[in-house]
1. What is the residue count in the stretch 19-48 for residues that are within 17 Å of LYS60 (Cα to Cα) and not in a strand (DSSP E or B)?
2. What pairs can you find where one residue is in the stretch 74-100 and more than 17 Å from ALA39 (Cα to Cα) and open to solvent by less than 60 Å² (accessible area, probe 1.4 Å), the other is in a helix (DSSP H, G or I) and β-branched (Val, Ile, Thr), and their Cβ atoms are less than 8 Å apart, with a gap of 6+ or different chains?
3. Taking the stretch 9-51, which residues are closer than 15 Å to GLU94 by Cα and either open to solvent by less than 50 Å² (accessible area, probe 1.4 Å) or more than 11 Å from the chain's Cα centre (by Cα) (or both)?
4. Looking at LYS16, LYS52, which one is modelled with pLDDT under 95 and in contact with a Leu (Cβ under 7 Å, 6 or more places away or on another chain)?
5. Among the residues in the stretch 62-70, are any crowded, with 17+ Cβ neighbours inside 10 Å and part of a helix (DSSP H, G or I)?
6. Could you check MET88 against (1) at pLDDT 90 or above; (2) part of a loop (DSSP other than H, G, I, E, B); (3) hydrophobic (A, V, I, L, M, F, W, C) and say which number it fails?
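The values are calculated or read from the model by the stated rules, or taken from the named source; none is laboratory data. The model shown is predicted, which means the values in this text are computed figures rather than measured ones. Positions of Cβ are generated from backbone atoms using ideal geometry, with glycine treated the same way; all protein chains shown enter the neighbour counts. SASA here: full protein model, heavy atoms, side chains in, ligands and nucleic acids out. Shrake-Rupley method; radii C 1.70, N 1.55, O 1.52, S 1.80 Å.
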Amino acid sequence: MFKPALNQLKIYYNQKPSYNPDFIVETEDKKYLVELKAANKIDSDKEVEAKKHAAIEWCKYATKHEMQNGGKEWVYLLVPHNDVNENMTIAGLEARYSRK
């Protein structure tokens, strides 16, 4: 898991500067873009919605490229900030919060 550097990924939305997700997590078989947001903004904030759609599209293209080159699937997770606990796994978060 790591925090991507500013502009490390080029994910654009609404004609604005690129969006940087909070974390990238890599497992043996997948890569995840993980965004933590205030629970009350996940379904009501227009900017969060725009970033979500841009990240989902980015993951589709990144997955296609990776699969053509022996890589891994990319998955976008939008996780409420108040639902992150020490005992959670990335697989558990994916089961609850994968956005496609």
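1. Looking only at that region, the number is 4.
2. TRP74/THR63
3. Once the filter is applied, which keeps residues that are closer than 15 Å to GLU94 by Cα and either open to solvent by less than 50 Å² (accessible area, probe 1.4 Å) or more than 11 Å from the chain's Cα centre (by Cα) (or both), the stretch 9-51 yields ILE24, VAL25, GLU26, THR27, GLU28, ASP29, LYS30, LYS31, TYR32, LEU33, VAL34, GLU35.
4. Of LYS16, LYS52, the one residue that is modelled with pLDDT under 95 and in contact with a Leu (Cβ under 7 Å, 6 or more places away or on another chain) is LYS52.
5. Taking every residue of the stretch 62-70 in turn, at least one turns out to be crowded, with 17+ Cβ neighbours inside 10 Å and part of a helix (DSSP H, G or I).
6. Going through the list (1) at pLDDT 90 or above; (2) part of a loop (DSSP other than H, G, I, E, B); (3) hydrophobic (A, V, I, L, M, F, W, C), MET88 breaks only (1).
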